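No lab work stands behind these numbers, since they all come straight from the coordinates. Because the structure is predicted, anything quoted here is derived from the model rather than measured. Backbone-built Cβ (ideal geometry, glycine too); neighbour counts: all protein chains shown.
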């Protein structure tokens with residue numbers, strides 16, 4: 001929980017603030033003379049949605065009405081890995097799926113696959129991010145690279161990133177060799 005600024009006029013003599021997750025007591029803290037307080041739960045909040053409220057108790061033991069709810073989502077679970085990752089050459093003469101380890105004359109191949117619906121799919125060439133796309137409601141995603149890959153070897157992988165920033169394991173690399181130069185005659 002982060003500190004909350006409380007008015008010194010409302011809170012005098014450092015009354016305790018009691019925190020709840022729904023109806024479950026999380027704990028109490030004293031408000032400082034500056035009106036600030038902070039709280040760290042004794043145990044981490046579990047996965048899911050938490051509805052946090054506070055009450056304040058004055059010196060006479062009177063308890064305030066609960067504060068407005070603060071809804072907090074805890075998500076520490078990584079999304080499922082990208083389950084299908086295909087590079088497709090759409091430039092003649094070799095249109096079709098690029099087999100890992102083979103050459104292509106297409107420096108902007110179409111990349112596509114499957115992932116959890118709604119996740120961001122991040123494409124890497126080695127360790128460098130080269131593209132992002134959102135998986136649709138069926139988990140399908142696809143894009144044609146906007147920036148051409150340089151001639152040479154490329155190791156393309158994809159990871160899924162959920163709304164909480166959790167990242168899946170990377171796919172197996174698709175190794176492609178871009179060769180856009182015509183042979184010497």
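Compute the Cα gyration tensor for the stretch 83-178, then decide on rounded, prolate or oblate, letting a ≥ b ≥ c be the square roots of its eigenvalues: rounded whenever a/c is under 1.5, prolate when a/b is larger than b/c in the other cases, and oblate in all that remain.
prolate
Contour minus end-to-end for residue 59 and residue 43, with contour as 0.36 nm per residue of separation and end-to-end as the Cα-Cα distance?
2.9 nm
Obtain the nm distance between the two label points defined at residue 140 and residue 172 by a simple spin-label model: each point lies 7 Å from its Cα along the Cα-to-C-beta direction.
Each label point is offset 7 Å from its Cα along the Cβ direction, giving 2.4 nm.
With a/c under 1.5 counting as rounded, go ahead and sort the chain into rounded, prolate or oblate using the C-alpha gyration tensor (a ≥ b ≥ c being the square roots of the eigenvalues; past the cut-off, prolate if a/b is larger than b/c, else oblate).
Because a/c hits 1.5 or more and a/b exceeds b/c, the chain counts as prolate.
Assuming 0.36 nm per residue, please report the length gained on full extension of the stretch residue 182 to residue 28 beyond their Cα-Cα distance.
That works out to 48.1 nm of additional length.
As a footprinting exposure proxy, order 50, 154 by other Cβ within 10 Å, with the fewest listed first.
50, 154
Please work out, to two decimal places, the log10 of the ratio I(q)/I(0) at q = 0.12, 0.24 Å⁻¹ from a Debye calculation in which every Cα of the stretch 16-74 carries one identical scatterer.
-0.30, -1.06
Once the piece of chain linking residue 92 and residue 77 is laid out straight, how much longer is it, given 0.36 nm per residue of separation minus the C-alpha distance between them?
1.1 nm
At q = 0.29 Å⁻¹, what is the log10 ratio I(q)/I(0) for the stretch 66-122, with the Debye formula run over Cα points and no solvent?
Here log10 of I(q) over I(0) equals -1.16.
Using alpha carbons only, how many angstrom separate the centre of the stretch 79-109 from the centre of the stretch 132-185?
9 Å
Is the stretch 12-116 best put as rounded, prolate or oblate by its Cα gyration tensor, with a ≥ b ≥ c the root eigenvalues, rounded for a/c under 1.5, and otherwise prolate when a/b is larger than b/c, oblate when not?
It comes out prolate by the Cα gyration axes.
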